[in-house]
1. What distance in nm lies between label points placed 7 Å from Cα along the C-beta direction at A:Ser80 and A:Asn65?
2. Would you please classify the overall shape of chain B from the alpha carbon gyration tensor, given that a ≥ b ≥ c denote the square roots of the eigenvalues, rounded means a/c under 1.5, and beyond that prolate means a/b larger than b/c while oblate covers the rest?
3. Rank A:Arg44, B:Arg69, A:Arg36, B:Arg22 by accessible area, highest first, at a 1.4 Å probe radius?
4. For chain B, what is the charge dipole size about the Cα centre, in debye to the nearest 20, if Lys and Arg each add +1 at the Cβ and Asp and Glu each add -1 at the Cβ?
5. Whole Å is fine, so just give me how far the alpha carbon centre of the range A:42-105 lies from that of the range B:31-63.
6. Evaluate the charge dipole of chain A about its Cα centre and quote only its size in Debye, nearest 20, assuming +1 on the Cβ of each Lys and Arg and -1 on the Cβ of each Asp and Glu.
7. Taking only protein heavy atoms into account and a 1.4 Å probe, give the accessible area per residue of the protein assembly as shown in Å².
8. Carbon and sulfur together cover what percent of the accessible area of the protein assembly as shown at a 1.4 Å probe radius?
Amino acid sequence: NAGVTQTPKFQVLKTGQSMTLQCAQDMNHEYMSWYRQDPGMGLRLIHYSVGAGITDQGEVPNGYNVSRSTTEDFPLRLLSAAPSQTSVYFCASSYSILNTGELFFGEGSRLTVL
Amino acid sequence: AQSVTQPDIHITVSEGASLELRCNYSYGATPYLFWYVQSPGQGLQLLLKYFSGDTLVQGIKGFEAEFKRSQSSFNLRKPSVHWSDAAEYFCAVGDSGAGSYQLTFGKGTKLSVIP
């Protein structure tokens, strides 16, 4: 039972480089989301999706793109990385965010931008 | 907009002592309230949640929380802390209104346990 799988777990980028953080879930959850976690800031929502083909912005969307072509996958793209994007990124999914509110989290991806 | 405040950044307790972690929220209607726990290097795991009904809710690992509407609080408690409870704890609020898909998290309280 894999749950929510994030890759890579660690990544170092140079300013201006692009990359994609992968997120996959095998629970048939319609809702998926990306958070970033910074010291003393808690978790802040970047983007979320309520189903394939539907995405929306969260609290801190600038500098990030997402797409949802399948129910299982929700990749997060950094088009031109900046040092301010150094953070730990978490993907989370839910069977029904409105009815249960329970999020299932991946183990995180630690990104450093030099 | 909804918001969550966790007044304590870091709490240290002795093993076997009782624990209370504070959470205050700001929300116009009846909120959905949650407590999550994060062990080092891990993602978050749901401890318990409140949607409606009994204001005292039980969760996993012996934790409980009480919703107090008059105080806009949802404090987490445990009668006897174990060393394995050392982790970071996050309170979160969800919008119970139709069409909202966001949980707002507090900044977290780090719990240290002294043997």
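The values are calculated or read from the model by the stated rules, or taken from the named source; none is laboratory data. Treat the numbers as computed from the prediction; the structure is a model and nothing was measured. When we count neighbours, we look across all protein chains shown, and the Cβ atoms used for this are built from the backbone with ideal geometry, even at glycine. Each accessible area value is taken on the protein alone, full model and side chains, heavy atoms only, with ligands, DNA and RNA left out. Shrake-Rupley method; radii C 1.70, N 1.55, O 1.52, S 1.80 Å.
1. Rounded to a tenth, the inter-label distance reads 1.3 nm.
2. prolate
3. Ranked list, largest accessible area first: B:Arg69, B:Arg22, A:Arg44, A:Arg36.
4. That gives a dipole near 120 debye.
5. 21 Å
6. Dipole size: approximately 460 debye.
7. Counting only protein heavy atoms, the per-residue value for the protein assembly as shown is 47 Å².
8. Reported share for carbon and sulfur atoms: 50 percent.
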